[in-house]
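A.B. asks: Got a structure for you, questions after.
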Amino acid sequence: MDSVLVKFPMTIKAKLTEKLREKMLEEFRTGINQAQLEIQQINIQENRAVSEVGEEDQEQLAMIHQHFGIERQKREDFIAQTEARITDTEKLVLGAEIVQGTTERFVELKKGDNVRDQFNVEVVVEDDVIIAIRS
């Protein structure tokens, strides 16, 4: 066997432009709006469940409030985290590199190759165009 095909991780980074910042902020705001709508829906469902049970069954009422409270809190936590991300994104300097994610790539390794050269490869994009490949 002279060579082998191996899968390696690869980091995708984006150079921050005004276009990317606006796209990110819009995605964050959309997420917040969705979470707020879900909170309203949770409140409606909770009120419906409470009215079906009635005031007599305190144990059942407590379970209902606990269940819907947990679901509401998840959305409120998401909103708080996303608002913090909006603040952080607004403070970023144009040209900063932001990790967008990771993917995998296949590399053919041959006897004598330096395997360390294949780790930590990054692809840098600016407005969806590759501007650099680094290792």
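The values are calculated or read from the model by the stated rules, or taken from the named source; none is laboratory data. In this text the structure is predicted, and so the values were computed from the model without any measurement. No Cβ is skipped: glycine too gets one built from the backbone with ideal geometry, and neighbour counts run over all protein chains shown.
A.B. asks: Cβ-Cβ distance below 7 Å, separation of 6 or more or different chains: which pairs start in segment 42-60 with a residue that is free of Cβ contacts under 8 Å to residues at least 60 places away in the same chain and end on one that is of a type in the set (Val, Ile, Thr)?
C.D. replies: Glu46/Ile64; Ala49/Ile64; Val50/Ile64; Val53/Ile64; Gln60/Val53
A.B. asks: Still on this model: Considering segment 105-124 alone, what residues qualify as being charged (D, E, K, R), more than 14 Å from Ser135 (Cα to Cα) and assigned to a strand (DSSP E or B)?
C.D. replies: Glu108, Lys110 - these are the residues of segment 105-124 that are charged (D, E, K, R), more than 14 Å from Ser135 (Cα to Cα) and assigned to a strand (DSSP E or B).
A.B. asks: Being surrounded by 10 or more Cβ atoms within 10 Å (Cβ to Cβ) and in a strand (DSSP E or B): is that true of Ala62 here?
C.D. replies: So Ala62 fails the test.
A.B. asks: Is there any pair linking a residue in segment 1-25 that is in contact (Cβ under 8 Å) with a residue 24 or more places away in the chain and under 20 Å from Thr82 (Cα atoms) to one that is among the β-branched types (Val, Ile, Thr) and part of a strand (DSSP E or B), with Cβ under 8 Å and at least six apart or on different chains, and which?
C.D. replies: Once the first residue is in contact (Cβ under 8 Å) with a residue 24 or more places away in the chain and under 20 Å from Thr82 (Cα atoms) and sits in segment 1-25, its partners that are among the β-branched types (Val, Ile, Thr) and part of a strand (DSSP E or B) give Ala14/Ile98; Ala14/Val124; Ala14/Val125; Leu16/Ile98; Leu20/Ile98.
A.B. asks: Could you list all residues from segment 79-135 that are of a type in the set (Ser, Thr, Tyr) and out of contact with any Lys or Arg (no Cβ under 8 Å at 6 or more places or on another chain)?
C.D. replies: Those that are of a type in the set (Ser, Thr, Tyr) and out of contact with any Lys or Arg (no Cβ under 8 Å at 6 or more places or on another chain): Thr82, Thr87, Thr102, Thr103, Ser135.
A.B. asks: Let me ask something else about it. Tell me which residues, restricted to segment 68-104, are assigned to a strand (DSSP E or B) and more than 15 Å from Leu16 (Cα to Cα).
C.D. replies: Our first condition is that a residue be assigned to a strand (DSSP E or B); within segment 68-104, this holds for 97-104.
Matches in segment 68-104: Thr102, Thr103, Glu104.
The rows are residues; the columns are (1) within 22 Å of Gly31 (Cβ to Cβ); (2) touching a residue at least 60 places away in the same chain (Cβ under 8 Å).
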| site | (1), (2) |
| --- | --- |
| Phe68 | yes, no |
| Ile79 | yes, no |
| Ile86 | yes, yes |
| Glu97 | no, yes |
| Gln100 | yes, yes |
| Ile133 | no, no |
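A.B. asks: Pull up segment 125-135, narrow it to residues that are surrounded by 10 or more Cβ atoms within 10 Å (Cβ to Cβ) and part of a loop (DSSP other than H, G, I, E, B), then point me to the one that is modelled with the lowest pLDDT.
C.D. replies: The qualifying residue modelled with the lowest pLDDT is Ser135.
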